[in-house]
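The values are calculated or read from the model by the stated rules, or taken from the named source; none is laboratory data. The structure presented is a predicted model; accordingly, all values stated were derived computationally and were not measured. Virtual Cβ from ideal backbone geometry, glycine too; neighbours counted across all protein chains shown. We work out accessible area using only protein heavy atoms, side chains counted, and drop any ligands, DNA or RNA first. Shrake-Rupley method; radii C 1.70, N 1.55, O 1.52, S 1.80 Å.
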Amino acid sequence: MKDFLQLQDKHIVIMGVANDRSIAWGVAQSLYAAGAKLIFTYRQERSAKKLNKLLEKNEMEAAVIQCDVNDDDSIASAFAEIKDKFTTVHGLVHSVAHAHQEDLKGDFIDTSRDGYAFAQDTSAYSLVAVAKAVRPIMSEGGSIVTMSYLGADRVLQGYNVMGVAKAALEASVRYLANDLGRDNIRINAISAGPIRTLAAKGVPSFNDILSKVEHTAPLRRNVSAEEVGDMTVGLLGALSRGVTGEIVYVDAGFNIIGIG
C-alpha cells in the first residue's frame with residue numbers, strides 16, 4: 001500500500017504542530033508511518049523546543065525549520081533553507097489558524113478591524129503565501145492540504161471571525177487549485193470534525209459542539225486526529241491524483257445532517 005500511495009521517502013512539509021493533540025501531529029504520525037520524510041516548521045523558539053521534545057519522545061527523525069507565516073521574509077527564508085537542504089518538496093500540510101481570543105467571544109458584529117485582519121492573515125492568507133513559496137520547489141508536481149472546519153459554511157456559536165477566515169481559506173483553495181494545476185500541483189482542504197486541540201479550547205461552545213456531533217452525526221461519534229491524518233495521506237498520495245480544489249469532510253458525516 002505504501003508503494004501505491006507513493007509517499008515513501010517523499011519530502012513533506014508540515015506546518016502547525018503545537019503539541020501532541022494537534023491535528024497536524026496526527027497527520028505527521030500517519031505520514032511518518034507511510035514512509036514520508038518530514039520537514040516541520042515552527043514560529044517561535046519555544047515552539048521549536050516543544051516540537052523537538054515531541055519528536056525525540058516518539059523516536060521520529062525529521063527536520064525542524066523556523067517559519068513565521070505572518071512574515072514574508074521569514075517564509076522566504078524558510079523555503080530557501082528547505083530548497084537548499086532537500087532540493088525538492090512533494091507535499092505540504094498547512095494546519096495554521098489563529099484569532100485573538102476576544103474576537104471569539106460575544107457577537108461577530110463586534111469583531112475589531114485589527115482582529116479581523118489578523119485572523120484572515122494568519123488563517124487564510126498564510127496558505128496563499130506558503131503555496132507561492134513552495135511552488136518552485138515542487139518541481140516534480142505535488143500536493144498541498146490545508147485544514148478547515150464546518151464554521152466556514154455554517155454559523156457556529158463562538159466561532160465568529162474564525163469561521164469567516166475559514167470561508168476565505170476554502171475559497172483560496174479553489175483559486176489556488178486553478179493557478180497551481182498547470183504545474184501538476186494539487187491543493188485540497190480537509191474539513192475536520194471537532195477535535196480536542198489547543199486551538200479548540202478558545203471556542204466557548206466547543207464542548208456543546210462535541211456532544212452535538214456525537215449524538216447527531218451518522219456514525220454517532222466524533223473523529224480523531226489519526227483519522228484526519230489518514231485522509232491527509234490519501235490526499236497527498238497517488239490515490240487522489242485526479243482530485244484538486246475540493247473540501248473533504250472528515251466529520252463522521254455530521255455536515256450532511258439538517259435540523260437535528
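What to note about this one:
- Prolate/oblate/rounded call for region 100-229, Cα gyration tensor, a/c under 1.5 rounded: oblate
- Accessible area per residue for region 116-260, computed on protein heavy atoms with a 1.4 Å probe, is 45 Å².
- Listed residues 178, 17, 112: farthest to the positive end of the dipole of the chain (Cβ charges): 17
- Cα shape, region 27-69, gyration tensor, a/c 1.5 rule: oblate
- The local environment of residue 249, defined by Cβ-Cβ distances under 15 Å, has a net charge of -3 under the rule Lys, Arg +1 and Asp, Glu -1.
- Entries of 49/105; 37/57; 10/132; 53/166 with Cα pairs more than 27 Å apart: 49/105; 53/166
- GNM top mover of 19, 188, 207 - the chain, alpha-carbon springs below 10 Å: 207
- The trypsin sites (Lys or Arg not before Pro) of region 116-190 meeting both criteria, a DSSP state outside H, G, I, E and B (loop) and at most 11 other C-beta atoms within 10 angstrom of the site's C-beta, are 154.
- Efficiency of FRET between residue 61 and residue 238 - r from beta-carbon atoms, R0 25 angstrom, step 0.05: 0.55
- Using alpha-carbon coordinates, inclination of helix 160-180 to the longest axis of the chain, degrees: 40
- Lys/Arg +1, Asp/Glu -1 at C-beta; the chain dipole; positive extreme among 36, 91, 63: 36
- Label assignment, percent of Cα pairs over 27 Å apart derived from the structure, set (1) 28; (2) 49; (3) 33: (3)
- Counting only DSSP H runs of at least 4 residues, each contributing -39500 (n - 2.57), and dividing by the residue count of the chain, the helix-based mean residue ellipticity at 222 nm comes to -12500 deg cm²/dmol.
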